[in-house]
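The values are calculated or read from the model by the stated rules, or taken from the named source; none is laboratory data. Not measured: the values here are computed from a predicted model. Cβ placement follows ideal geometry from the backbone for every residue including glycine, while neighbour counts extend to all protein chains displayed.
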Amino acid sequence: MAISSYRDLKVYEKGYALSLRVHRLTLGFPRFEQYELARQMRTASKSVCANLAEGFGKSKVSKSEFRRYVQVALGSAEEMQAWLEYSFDLGYMNEADFKEVTEGYQEVCRMLQGLHASWS
């Protein structure tokens, strides 16, 4: 299948679903965390998808630009894993949600590493 849009990327699809999940989960965090940890998590989770979209748009001009944006998306996916640990350890997230979302971001990281390598 030819990739004609960032939406055709499986990693975008997975990252987008995870960002929606994170958004919904963080809405249940304590009020004082809404402008701190919850906001940081929503931003990082959306950054994965936004960087894939922006990088794909720039790929028409430069493959190296796309690879750079994939690296930034990978950084955001790794960052999400740290925020998830904080959320769990602070008691804002139950073990099942923590495990589900953490495993999702681990998969996204693997997918992004593969995507980065394939655009060499």
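When residue 28 is tested against (1) outside any helix (DSSP H, G or I); (2) within 18 Å of residue 110 (Cα to Cα), exactly one condition is not met: (2).
For region 34-44, the condition holds for at least one residue, the condition being that it is among the basic types (Lys, Arg) and farther than 19 Å from residue 7 by Cα. Count of region 3-13 residues, restricted to those that are touching a residue at least 40 places away in the same chain (Cβ under 8 Å), under 13 Å from the mean Cα position of the chain (by Cα) and surrounded by fewer than 19 Cβ atoms within 10 Å (Cβ to Cβ), is 1. Pairs meeting the criteria (first residue in region 36-48 and touching a residue at least 60 places away in the same chain (Cβ under 8 Å), second residue among the basic types (Lys, Arg), beta carbons under 8 Å, at least 6 apart or on different chains) are lacking.
Look at residue 57 and say whether it is in a helix (DSSP H, G or I), over 11 Å from the mean Cα position of the chain (by Cα) and surrounded by fewer than 21 Cβ atoms within 10 Å (Cβ to Cβ). Yes: the conditions hold for residue 57.
Of all residues assigned to region 46-53, at least one qualifies as being surrounded by fewer than 21 Cβ atoms within 10 Å (Cβ to Cβ), of a type in the set (S, T, N, Q) and assigned to a helix (DSSP H, G or I). Inspection of region 74-94 finds a residue satisfying the criterion of being of a type in the set (Phe, Trp, Tyr), under 16 Å from residue 27 (Cα atoms) and buried (at least 18 other Cβ atoms within 10 Å of the Cβ).
Has region 99-108 got at least one residue that is more than 15 Å from the chain's Cα centre (by Cα), at pLDDT 95 or above, in a helix (DSSP H, G or I) and of a type outside the set (A, V, I, L, M)? Scanning region 99-108 turns up at least one residue that is more than 15 Å from the chain's Cα centre (by Cα), at pLDDT 95 or above, in a helix (DSSP H, G or I) and of a type outside the set (A, V, I, L, M). For the condition assigned to a helix (DSSP H, G or I) and touching a Ser or Thr at 6+ places or on another chain (Cβ under 9 Å), residue 74 does not qualify.
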